[in-house]
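The values are calculated or read from the model by the stated rules, or taken from the named source; none is laboratory data. These figures come from a predicted structure and were not determined experimentally. Heads up, the Cβs are rebuilt from the backbone with ideal geometry, glycines too, and the neighbour counts pull from every protein chain shown. What goes into the accessible areas is simple: the full protein's heavy atoms, side chains included, and nothing from ligands, DNA or RNA. Shrake-Rupley method; radii C 1.70, N 1.55, O 1.52, S 1.80 Å.
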Amino acid sequence: MLELNFSNMMGEVIGEKGISEREIEGLKTAVFDIDKRIKSRERPELAFIDLLEQDVSEIKKIAGDIRGNFDNFVILGIGGSALGPRAIIDALSPFHNLDKKPRVFIYDNVDPRTLDRILSLTDIRKTAINVITKSGSTAETIASFMIFWDNVEKSGADHSKIFIATTDPEKGNLRKIAKEKGLRTFSIPPGVGGRYSVLCPVGLLPAEVIGINTEEMLKGASDIHKRCSDPEVWKNPAYLFGVLLYLMNREEKRTINVIVPYADGLKPLAEWFCQLWAESLGKPGAGLTPYPSLGTTDQHSQLQLWMEGPEDKVIIFIRVNDYAVDINIPKVFQDMDGLNYLGGHTLSELIKTEQESTELALARIKRPNMTIGIPGIDAYHMGQLFHFFELATAFTGFLYGINPFNQPGVEEGKNFTYGMMGRRGYETKREDVEKAREKKACWRV
Ligand code: PA5
């Protein structure tokens, strides 16, 4: 079971820059109240909690078909529609494409160079394409969908065999196209927003395609949900995680939370978490800026800043207790001081020791940090991590008194893009951009 060790956040360990038990006690009533709001599903977007009990038989069936009949599996989506699948694939099937079929390509941008490579590496007739968009109209996803659609058309292959649409059950352009063209579909439940959707067909279909048992993943999520259902903050790791970061932000003026998994395969999980946290909590008067990092690699790139730079960060480690495989460091170069201490140890010993040492080094100079420990990297514990972070993020949003499920701040940029790309109704936005361009031209060297 996932475990949260928060000793190095507490005043008793790191002194006045830490949090006191009294401060946590002070939020107890608020936590009880939020717990009630979560349990009563006060907001429809809390529907992500109800994903834990779901029938995955159709997902397994279609995934089996994809595994049996296609060489490639392309995912088209962006934000919440792509980061979850990538986190699953990198954690549970690293270097997947080097020796496994179907090869998986996630196209979550509109960079023409990337798409050009994907198209040249894949035979479209042997490629299943999963287009994932809740709204059914996200420009990036739809643009790449249109390109693939046209390519399939030109190849003479049958769209209805190649495309799988994962979208809203009723609304949106993609649902409309899917109905008209007879595409296979999966639904993202109405209340479930993109960044809270990894445990629905958005993440579960790609997981099954690469051979992951999604029932295990859901079981992990369900078990951590039970563990995080106690209204008593001291007994609830998800609520405590939120309370600690909230207090660090409000009382200690920390504005950045760095997340550092000590496992290469969990780097995309860190990126997934950062999107979840940033889009959910980046609202007026709230939020810390999340930063995705990687241990031990970033000890040689970022750690100096965490140790001696501005005192604005909280470091969150993810520690893996058992890597399932291990490699001995051989006793070579035994006569060389400075190298010979390594021989006889293992790589997992080294990575775990480095994590613990970094934690201690930060604590010694009173820099707050906490550690999420997981027994291993498998479907069960990935399910736990996903659900833990989703629940903790929604909870923290309520603690700040903001809506953790919308993202109004991203609209204006989209509107300017629509204007420039000629979408009807956005003509004035185009004029705005053109005026801004004139101004920009004055200040150039
Ligand atoms: O979390 C979110 O809601 C967003 O990041 C969306 O996932 C992203 O904007 C893509 O939206 P859609 O799934 O509608 O294409």
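Quick notes
- All positions within region 142-188 that are over 17 Å from T127 (Cα atoms), touching a helix residue (DSSP H, G or I) at 6+ places or on another chain (Cβ under 8 Å) and among the β-branched types (V, I, T): I142, T167, I188
- Qualifying residue in region 266-278 (condition: more than 19 Å from D33 (Cβ to Cβ), open to solvent by 10 Å² or more (accessible area, probe 1.4 Å) and away from the ligand (no atom under 16 Å from the Cβ)): yes
- Filter result for D99 (more than 23 Å from G64 (Cα to Cα), of a type in the set (D, E, K, R) and either out of contact with any helix residue (DSSP H, G or I) (no Cβ under 9 Å at 6 or more places or on another chain) or away from the ligand (no atom under 14 Å from the Cβ) (or both)): no
- Residue list for region 88-112, restricted to those being under 14 Å from I147 (Cα atoms) and surrounded by fewer than 14 Cβ atoms within 10 Å (Cβ to Cβ): N109, D111, P112
- Checking each residue of region 362-369 against the condition of being not assigned by TED's automatic domain parsing to the domain that holds W277 and not in a helix (DSSP H, G or I) gives no match.
- Selected residue (only one of I147, I162, I177 is away from the ligand (no atom under 12 Å from the Cβ), hydrophobic (A, V, I, L, M, F, W, C) and open to solvent by 60 Å² or more (accessible area, probe 1.4 Å)): I147
- Here is the figure for region 199-216: residues that are out of contact with any His (no Cβ under 9 Å at 6 or more places or on another chain) and buried (at least 21 other Cβ atoms within 10 Å of the Cβ) total 12.
- Enumeration of residues in region 62-116 that are without any contact (Cβ under 8 Å) to a residue 12 or more places away in the chain, under 25 Å from A263 (Cβ atoms) and not aliphatic (A, V, I, L, M): F95, N97, D99
- Top-ranked residue of region 388-422 - restricted to ones that are within 16 Å of the ligand (Cβ to nearest atom) and part of a loop (DSSP other than H, G, I, E, B), ranked as least open to solvent (accessible area, probe 1.4 Å): P404
- From the options L119, L115, residue that is open to solvent by 30 Å² or more (accessible area, probe 1.4 Å), at pLDDT 95 or above and part of a helix (DSSP H, G or I): L119
- Pairs, first closer than 18 Å to N415 by Cα and more than 6 Å from the ligand (Cβ to nearest atom) in region 131-142, second charged (D, E, K, R) and not in a helix (DSSP H, G or I), C-beta under 8 Å, six or more apart: G136/D168; G136/K171; E140/D108
- Residue within region 218-237 that is within 16 Å of the ligand (Cβ to nearest atom) and of a type in the set (F, W, Y) present: no
Here's the yes/no breakdown for (1) open to solvent by 30 Å² or more (accessible area, probe 1.4 Å); (2) in contact with a helix residue (DSSP H, G or I) (Cβ under 7 Å, 6 or more places away or on another chain):
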position	(1), (2)
K283	no, no
L288	no, yes
T297	yes, no
S301	yes, no
I316	no, no
N321	yes, no
T346	no, no
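- Boolean, S197 is of a type in the set (S, T, N, Q) and within 20 Å of the chain's Cα centre (by Cα): yes
- Selection within region 180-194 - within 13 Å of the ligand (Cβ to nearest atom) and in contact with a Phe, Trp or Tyr (Cβ under 8 Å, 6 or more places away or on another chain): G191, V192, G193
- Among residues of region 1-19, those that are over 29 Å from M382 (Cβ atoms) and assigned to a helix (DSSP H, G or I), counted: 7
- In region 1-19, residue surrounded by the fewest Cβ atoms within 10 Å (Cβ to Cβ) [restricted to those that are among the hydrophobic types (A, V, I, L, M, F, W, C) and either under 27 Å from H387 (Cβ atoms) or under 29 Å from the mean Cα position of the chain (by Cα) (or both)]: M1
- Enumerated helices (runs of 4 or more DSSP H) restricted to region 20-87, each holding at least 3 residues that are buried (at least 18 other Cβ atoms within 10 Å of the Cβ): 28-39, 57-69
- P261 falls short of the stated requirement of being of a type outside the set (K, R), assigned by TED's automatic domain parsing to the domain that holds I62, crowded, with 23+ Cβ neighbours inside 10 Å and in contact (Cβ under 8 Å) with a residue 12 or more places away in the chain.
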